[in-house]
1. Quick one: which of LYS103/LYS149; LYS92/LYS120; LYS14/LYS92; LYS103/LYS137 span more than 19 angstrom between C-alpha atoms?
2. HN-Hα J couplings of segment 99-107 from phi, Karplus 6.51/-1.76/1.60, θ = phi - 60°, integer Hz, Gly and Pro as x?
3. How big is the accessible area of VAL43 in square angstrom, nearest 10, if you roll a 1.4 angstrom probe over the protein chains?
Amino acid sequence: MSLMRINHVRNEIKKLEAVISNLTKNYHVNFKEYDSQLQSVEVFFNEKIKEAQNSQNWDTLYDINTQKRIYTQPLEHLESLAKFQNELMLVKHTALIENMIVKIFWCLTCLLKKEEYKNKYFIEINNFSDSFEAASKISELTDGTINLKKNSGTYMKH
């Protein structure tokens, strides 16, 4: 793995730390307000719905449900978009780390001249990308000196 690639990965991981920090900060600043607004609107409409149900006023119940959707849907969409954005950022960084593990495995096979691994994983398999298998082989090639599964917590558990 080249020094340039290692620096790129290091910079991306530093960005991930900042991204997670900003997401947490933004949640506490902005989304808590939206959450509380959504909850208060839902409580208000739920009370009105109960009143309409108790009085069996079905036309009013229909109108209340319509109004509830009008007021709560934008806030629900906002929450969904925020979750989607967060997941995309985490997926990007997870893919980066998985790619790095496979690249390290590739470099070790070349450095240690392990032609059988080179043939099996990088010639026979087009676009090998199994980071779990690569982590196991890295440990095997380094006689356990580099054991990514041991140091990674729940990330590498298979």
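1. LYS92/LYS120
2. Values, residue by residue: 4, 4, 4, 5, 5, 4, 4, 4, 4 Hz.
3. Approximately 80 Å² of VAL43 is accessible to the 1.4 Å probe.
The values are calculated or read from the model by the stated rules, or taken from the named source; none is laboratory data. Keep in mind that this is a model prediction, so the values were computed, not measured. Just so you know, the surface numbers come from the protein's heavy atoms only, side chains and all, with ligands and any DNA or RNA stripped out. Shrake-Rupley method; radii C 1.70, N 1.55, O 1.52, S 1.80 Å.
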